[in-house]
Amino acid sequence: MRAAVVTRYGAPEVLALREVARPTPGPGELLIRVKAASVSSGDARVRALRVPEGMGLMARLALGWSGPRQPVLGTECSGVVEAVGAGVTRFRVGDAVVAFRGAAMGAHAAYLCVREDGSVAPKPEGLSWDEAAALLFGGTTALHYLREARVKQGERVLVLGASGAVGVAAVQLARHGGAEVTAVCSAANAPLVTGLGATRVIDYRTEDFTLGDARWDVVMDCVGATDYARCRRVLAPGGRLLRVVCGLGGQLAAPWQGRLSGHRVIAGVAAERPEDVQRLVELARSGEYRAVIDASMPLSRIAEAHARVDSGRKRGSVVVTLEGEA
Ligand SMILES: NC(=O)c1ccc[n+]([C@@H]2O[C@H](COP(=O)([O-])OP(=O)(O)OC[C@H]3O[C@@H](n4cnc5c(N)ncnc54)[C@H](OP(=O)(O)O)[C@@H]3O)[C@@H](O)[C@H]2O)c1
C-alpha cells in the first residue's frame, strides 16, 4: 500500500511516498481503508522535530533519535472498514468510521488497523470525508483542557489562537458548555470564530488582551504566545491559565504558579481517551461541533500540506485525501 514516509527529521521535502506492507487486523481490530486524514500541527512538529523549549532530548528519546521510529505520521482519519479481526462485534465491513490514532500515528497511509474498543466511531452522516477526518486532533485536545479547567456554565473563557485546529474546537466546545467566549485571532478570522460561537473577538495584531480592563475565568493559550506572568492580572479570582503549548520549564512550574493568587496553571500533553472521541462524534452528529477545513489535497501533495501547516497560518485543519490509493 502507499504511505507518506519520514525517515529523517527535516523540512517537508523529507516526506516521500513509498510502498509499505499493508497491515492485517489482529483479534479485536479493524482494518480501515483511509479516505482522508488531517495533517496536524502534531505531524509537522514530529516531522521537523520542532518541539517546545527544553523538550528536544526527551522528544528524541520518545520519538526516535535521527528520525521518527514510526515513519508514517497522521493522527486521525476517516475511512471505511475493509476487514475485521476475530471477535469484532461493533463494526462490520463497509462501515464508514472516524479514528484517532493520536501519538501512535500511522494515518497517512492507504490502510491502518485500530482496536474496535479504542478511539474509533461511526462517521457522522452528512459530513464529507474531509470534515470527518479533522474532528478529533483539535477536538480531543480542547476537550481535555476544558475538562481539566472544570469550565462552568456562564464562565468567561478567552481562547488565544482561536482560528487554529485546537482553537476552533475550543471555541465551539466552551460555548457548548455554556461559557461566554472571547476569541483572540487576526481580524480576517473574526467572522469564522463568531460563526463558531465567540461573542467577542480581539485582534492580536492591534490589541494586547493582557493590558485591558476585562477579566476572564479561563485563558486558554493554543499558540504558546503568553505565560502566567503576563496573564495574571486578567485572570479573575479562581482563574485558570491553560497552556496547551508550553516548554519544559513552564510545565515544571505550572503546578506551583498562581497558588498565592488563587489561580491555577494547567499544562502538559492532552490525554487520549476513547470516550472523548465518542463525545466529539455525537456532538458532530447533532450539529453542535464541526471541523474547519483550511485546505484539502491528495496524498501525493503531502509535502505541500506540511508546508501549509508549518506556516502557522492555517485556519482549522489541512487534510490529505487518499481516494484511489491502495
Ligand atoms: N498539549 C497538547 O497535548 C497538544 C495537543 C495538540 C496540539 N498542541 C499544540 O497546540 C498548538 C496549536 O495547534 P493547532 O493545530 O491549533 O495550531 P495551528 O492550527 O497551526 O494554529 C494556527 C493558527 O494560529 C493563529 N495564530 C498564530 N499566532 C497567533 C497569535 N500570536 N495569536 C493568536 N492567534 C495566532 C493563526 O492565525 P493567523 O494566521 O491569523 O495569525 C492560525 O489560524 C500547536 O503548537 C500544537 O503543537 C498541543
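The values are calculated or read from the model by the stated rules, or taken from the named source; none is laboratory data. The structure displayed is predicted, hence computed values, not measured ones. Using ideal geometry, Cβ is built from the backbone for each residue, glycine included, and neighbour counts are taken over all protein chains shown. Side chains included, ligands, DNA and RNA excluded: accessible areas come from the protein's heavy atoms. Shrake-Rupley method; radii C 1.70, N 1.55, O 1.52, S 1.80 Å.
Things to note:
- Among the protein heavy atoms of the chain, carbon and sulfur supply 52% of the accessible surface, probe 1.4 Å, non-protein parts ignored.
- Accessible area, probe 1.4 Å, largest first, for residues R101, R90, R264, R47: R90, R264, R101, R47
- Helix-derived mean residue ellipticity, 222 nm - over the chain, DSSP H n ≥ 4, -39500 (n - 2.57), to 500: -7000 deg cm²/dmol
- Label sites at S186 and E282, each approximated as a point 7 angstrom past Cα along Cα to Cβ, lie 3.8 nm apart.
- Alpha-carbon centroid distance for the pair the range 264-301 / the range 90-129, whole angstrom: 13 Å
- Charge dipole of the range 82-149 (Cα centre as origin; +1 on each Lys and Arg Cβ, -1 on each Asp and Glu Cβ, all else neutral): 160 debye, rounded to the nearest 20.
- Positive-end residue, the range 196-284 charge dipole about Cα centroid, Cβ charges, pick of Q251, T206, V223: Q251
- The heavy atoms of I302 present about 10 square angstrom of accessible area, all protein chains included, probe 1.4 Å.
- Accessible surface ranking that places the most exposed of Y111, Y9 first, with a 1.4 angstrom probe: Y9, Y111
- For the options P255, P71, P274, a Gaussian network treatment of the chain with springs between C-alpha atoms closer than 10 Å singles out P255 as fluctuating the most.
- Compared with the rule-of-thumb size 2.2 N^0.38 Å for a compact globular protein, the range 221-326 has a Cα radius of gyration ratio of 1.43.
- Cα-based radius of gyration for the chain, normalised by 2.2 N^0.38 Å, reads 0.99.
- Relative intensity of the range 137-267 on a log10 scale, I(q)/I(0) at q = 0.09, 0.13, 0.18, 0.20 Å⁻¹, equals -0.21, -0.45, -0.89, -1.12, per a Debye sum over C-alpha point scatterers of equal strength in the absence of solvent.
- In the context of the full set of protein chains, the chain has a per residue accessible area of 43 Å² (1.4 Å probe).
- The GNM of the chain, with springs linking C-alpha atoms under 10 angstrom apart, assigns the highest mean-square fluctuation among D117, D208, D276 to D208.
- Euclidean distance of C-alpha centroids, the range 195-255 and the range 162-180, integer Å: 14 Å
- Heavy-atom SASA rank of W216, W256 (probe 1.4 Å, accessible area, largest first): W256, W216
- Highest-fluctuation residue, A107, A225, A267 considered, GNM on the chain with Cα pairs under 10 Å: A225
- Converting phi to 3J(HN,Hα) with the Karplus coefficients 6.51, -1.76 and 1.60 and the offset θ = phi - 60°, the range 184-195 yields 10, 7, 7, 4, 4, 9, 4, x, 4, 6, 5, x Hz in sequence order, with x at every glycine or proline.
- Magnitude of the charge dipole for the chain, about its Cα centre and with charges confined to Cβ atoms of Lys, Arg (+1) and Asp, Glu (-1), is about 600 debye.
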